[in-house]
Amino acid sequence: MSRSNMSGMTTAAIVYCSATWTTAGLGEDIARVLDSGGIETRVAAIGEIDPASLADVDYLFLGCWTHGWFVVNQHPVPAWVDWTRELPRLDHPRVALFTTYKVRTGSMFPRMRRALRDKAPRIELELQAKGRVLTDEGRRKLEAFIGG
């Protein structure tokens, strides 16, 4: 169970980098699940939120679209990697990653984890979708993550 902020609410932040609004849409779908679970959620693009403000949320979802060739060399875009360098150390939030893709995610999650290695000691969940909506399996994983 996560700690809540001073107001007693459990909080979450969903921060994404999106080229075609697909990843932004997935972030919004994740927010709908969190909101329905009574979690106060804010959603923002990487340039729209102060990275320092993320250390105190209960849940932090970091998303980026899958960049690279269709079947190899998938990686987060440089803007997302650069933005992660501004993050504080994330000891409190339960951290999850999410991505959207066309064919496959390949090395996307390992490379996202690598970018966060000094910032997020525990990444507990990875969500992926081809579009703006969680799959049924993704929704089940998310609900288990926020319920446990």
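Could you please tell me which pairs satisfy a Cβ distance under 8 Å, a separation of 6+ or placement on different chains, a first residue in segment 132-148 that is under 12 Å from ALA96 (Cα atoms), and a second residue that is surrounded by fewer than 17 Cβ atoms within 10 Å (Cβ to Cβ)? Final answer for the pair search is PHE145/GLU124; ILE146/GLY37. Within segment 89-127, the set of residues being acidic (Asp, Glu) and within 15 Å of the chain's Cα centre (by Cα) comprises GLU124, GLU126. Taking first residues from segment 94-121 that are at negative phi and β-branched (Val, Ile, Thr) and partners that are assigned to a strand (DSSP E or B) and surrounded by fewer than 18 Cβ atoms within 10 Å (Cβ to Cβ), the Cβ contacts under 9 Å between residues at least 6 apart in sequence or on separate chains come to VAL95/GLU124; VAL95/LEU125; THR99/GLU126; THR105/GLU126.
For segment 10-19, the candidate set comprises residues that are over 24 Å from GLY147 (Cα atoms) and in a loop (DSSP other than H, G, I, E, B); within that set, the residue that is modelled with the lowest pLDDT is ALA19. Among the conditions (1) of a type outside the set (Val, Ile, Thr); (2) in a loop (DSSP other than H, G, I, E, B); (3) in contact with a Gly (Cβ under 7 Å, 6 or more places away or on another chain), the only one that LEU127 does not satisfy is (2).
Among the residues of segment 134-148, those identified as part of a loop (DSSP other than H, G, I, E, B) and either exposed (fewer than 15 other Cβ atoms within 10 Å of the Cβ) or small (Gly, Ala, Ser) (or both) are THR135, GLY148.
The values are calculated or read from the model by the stated rules, or taken from the named source; none is laboratory data. This structure is a prediction, so every number in the text was calculated from the model and none was measured. Note: ideal-geometry Cβ built from the backbone for every residue, glycine included; neighbour counts use all protein chains shown.
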